[in-house]
1. Spelling out what I want: for every residue of the range 143-153, take phi, set θ = phi - 60°, compute 6.51 cos²θ - 1.76 cosθ + 1.60 (Karplus), and round to whole Hz; glycine and proline get x.
2. Out of the trypsin sites (Lys or Arg not before Pro) in the range 276-371, which ones are loop residues according to DSSP with at most 16 other C-beta atoms within 10 Å?
3. Residues with beta-carbon under 12 Å from that of residue 228, excluding residue 228: net charge, scoring Lys, Arg +1 and Asp, Glu -1?
4. Would you tally the net charge around residue 324, using a Cβ to Cβ cut-off of less than 15 Å, leaving residue 324 out, and scoring K and R as +1, D and E as -1?
5. Please give, to one decimal in nm, the separation of the simple spin-label points placed at residue 349 and residue 233, each 7 Å out from Cα toward the Cβ.
6. If you add up the charges near residue 122, with Lys and Arg at +1 and Asp and Glu at -1, over every other residue whose beta carbon is less than 15 angstrom from its beta carbon, what do you get?
7. Once you have the Kirkwood Rh of the range 236-331 from its Cα pairs, apply Stokes-Einstein at 25 °C and 0.890 mPa s and quote D in µm²/s.
8. Show me, for the range 113-125, the HN-Hα J-couplings you get by feeding each phi into the Karplus relation (A = 6.51, B = -1.76, C = 1.60, θ = phi - 60°), rounded to Hz, glycine and proline as x.
Amino acid sequence: MTDIATRVWNHKWKIDPIVRSLIDTDFYKLLMCQSVFRNNRDTQVTFSLINRSKHVPLAKLIDEGELREQLDHIQSLSLSRGESTWLRGNTFYGKRQMFRPDFMEWFENMRLPNYNLERVGDQYELTFEGSWPEVMLWEIPALAVLMELRGRSVLDQMGRFELQVLYARAMTKLWEKVEKLRAVPELRIADFGTRRRHSFLWQDWCVQAMGEGLGNSFVGTSNCLIAKNRDLEAIGTNAHELPMVYAALAKDDVALERAPYDVLADWHEEHDGNLRIILPDTYGTEGFLRNAPDYLAGWTGIRIDSGDPATGAEVAIDWWKSRGEDPTKKLVIFSDGLDETKILELYQQFAGRVRVSFGWGTLLTNDFRGLAPDDGLAPFSLVCKAIKADGHPTVKLSDNPNKAMGPAEEIARYKRVFGVGDQTAMDVVV
């Protein structure tokens, strides 16, 4: 097993680039990329880094030259022969050749486009512009680089034995969580922690610990490289990016109201089974479900990623019942800010009423809270989102207004079109 503390102590050996591969990314990114490649490959987008946690001064903590070095390294990456073979020939969600030959040929020859980096005060402005299929693949590696470089800025101040103790404590902390979770063997949990992980090595360790500690309750990882290396299931479906861009491309209010359903109509043509998961909260869950076409009620399940998760699940259950569906046969995936206590609470509340699953993210792969001086390794909320599509601003409303993004006048318009009323604001931890 990797001695992480020693590797951190010696990371200037250059053996540990933060992003090692183009498939060191989340599986849903590749699924969405193929859909975009098929349906919207000429759309021009801009993605931007957004640090919701302004108290973390990234530009003071991270050397600009080191950041550029890591980003330049990512631009040099291409698929290896083994990675291409894995994507082309592996079985994902019970389906062989999930990725089409034309998409794979494009991906094998693709290099990530240029980036724009500027320091503004104590923060960095990092943006990516170009065709949607290329630019979207920057999101996960860009986040991973910023998160890990911020961590390294703290770790660089520690001595060798201090690092050993730090990682021993972090391992103990995670294992105590695993011990609580394995008391309920019916749980189904996947690793969703790539984008805001502490480091690649730490995520890999967490995945191995989950596999040993939880056995069959651990169903896989969203990280494609780790899934490949550890012979695990690659887990993921789709994200807010799709409806945000489709909505930005809408020509009028009628097309805007239809845009979130156009996304899923395209998805319906490509995927079946457990990939037919609705993410309904981009412009408000209740309104989305109220106006959803009947065929979506037949989909496998729903992922709940903002707002109060129990409320979201109750809304979904009521919706399935109103559409003549049996909720006990439907899958609810909880994925927002989870830790072991919330996982167990939600399981106890909904087990037997729906099929329950969990995508465990930042507080699995980056929970160093309380372990470093001044809590310098505590996770924070960093995202990289599409902010423009063909020159039009994107908007996200969410079920938590603290996660909303976009120009104020467009947010007001979207709230009007989608019938979003008062919402309960909740703290954004990660």
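The values are calculated or read from the model by the stated rules, or taken from the named source; none is laboratory data. Only a predicted model underlies this, so the values are computations on that prediction, with no experimental measurement involved. All Cβ positions, glycine included, derive from the backbone under ideal geometry; neighbour counts span all protein chains shown. Areas reflect the complete protein model, heavy atoms only, side chains present, ligands, DNA and RNA absent. Shrake-Rupley method; radii C 1.70, N 1.55, O 1.52, S 1.80 Å.
1. Values, residue by residue: 5, 4, 5, 5, 5, 6, 5, 4, x, 5, 4 Hz.
2. Filter output for the range 276-371: 323, 353, 369.
3. Numbers: positive: 20, 230; negative: 24, 83, 204, 231, 233.
Charge balance near residue 228 sits at -3.
4. Details: positive: 321, 323, 329, 330; negative: 294, 318, 325, 326.
The answer is 0.
5. Reported label-point gap for residue 349 and residue 233 is 2.4 nm.
6. Values: positive: 52, 54, 60, 119, 150; negative: 63, 64, 118, 125.
Counting the neighbours of residue 122, the net charge comes to +1.
7. Numbers: Rh = 13.7 Å.
The diffusion coefficient I find is 180 µm²/s.
8. For the range 113-125, the Karplus-derived couplings read x, 5, 10, 10, 10, 9, 8, 10, x, 9, 10, 9, 9 Hz, x marking Gly and Pro.
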